[in-house]
Amino acid sequence: MRLSPRGVFALLVTASIGLLATGLLVGELARLHPCHLCNLQRLYYLMLGFFALCGVLLPGWRRLWCVLVGLTALGGVIAAVQQSWMQYVPQESIECGFGDPTLAEQLINWLGTQWPAMFMVTGFCTDKEWIFLGFTLANWSVGCFLGLLGVAVWLGFRRDVA
């Protein structure tokens with residue numbers, strides 16, 4: 001069975017929104033405190049889902065949507081790797097939110113005022129509040145974003161579709 005581009009994009013929408021919902025559920029159940037980088041990753045999952053939804057609705061522009069999904073996933077990888085690094089060597093890193101806010105921190109702070117349930121910053125990027133099988137939530141997010149990036153690259157270079 002071969003999946004059409006529309007079907008792959010639908011799976012990407014489902015995966016990105018499912019991962020976001022899972023992260024929110026784990027955060028609520030474990031009473032986690034999201035940081036700037038956590039919330040930035042949430043934004044990347046939302047954007048990725050949006051671009052993938054565009055691919056479902058307009059599959060003729062497959063390569064454009066694959067590039068946008070891929071770049072968004074790459075941004076998510078970078079944010080999750082940065083947070084993972086901060087968690088493992090907190091003495092080497094400068095905590096998010098201290099000093100002059102970066103553009104990403106300003107965006108997350110603004111989003112926190114618009115949609116507090118999703119983007120309110122209440123924690124620190126260096127905290128390892130939740131560990132499953134030896135990996136933090138940020139570590140798991142690296143793997144998830146890499147998987148989503150891999151699917152976008154595969155779909156973008158697939159030759160058996162128009």
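The values are calculated or read from the model by the stated rules, or taken from the named source; none is laboratory data. A quick note: this is a predicted structure, and the numbers were derived from the prediction, not measured. Using ideal geometry, Cβ is built from the backbone for each residue, glycine included, and neighbour counts are taken over all protein chains shown.
Observations, loosely collected:
- All of (1) touching a Ser or Thr at 6+ places or on another chain (Cβ under 7 Å); (2) part of a loop (DSSP other than H, G, I, E, B) hold for residue 129 with one exception: (1).
- Odd one out for residue 65 among (1) in contact with a helix residue (DSSP H, G or I) (Cβ under 7 Å, 6 or more places away or on another chain); (2) closer than 16 Å to residue 142 by Cα; (3) at pLDDT 95 or above: (2)
- Residue check, residue 18 at pLDDT 90 or above, assigned to a helix (DSSP H, G or I) and surrounded by fewer than 19 Cβ atoms within 10 Å (Cβ to Cβ): yes
- Taken over the range 27-59, the residue count meeting the criterion of being in contact with a Phe, Trp or Tyr (Cβ under 8 Å, 6 or more places away or on another chain), within 23 Å of residue 116 (Cβ to Cβ) and exposed (fewer than 15 other Cβ atoms within 10 Å of the Cβ) is 2.
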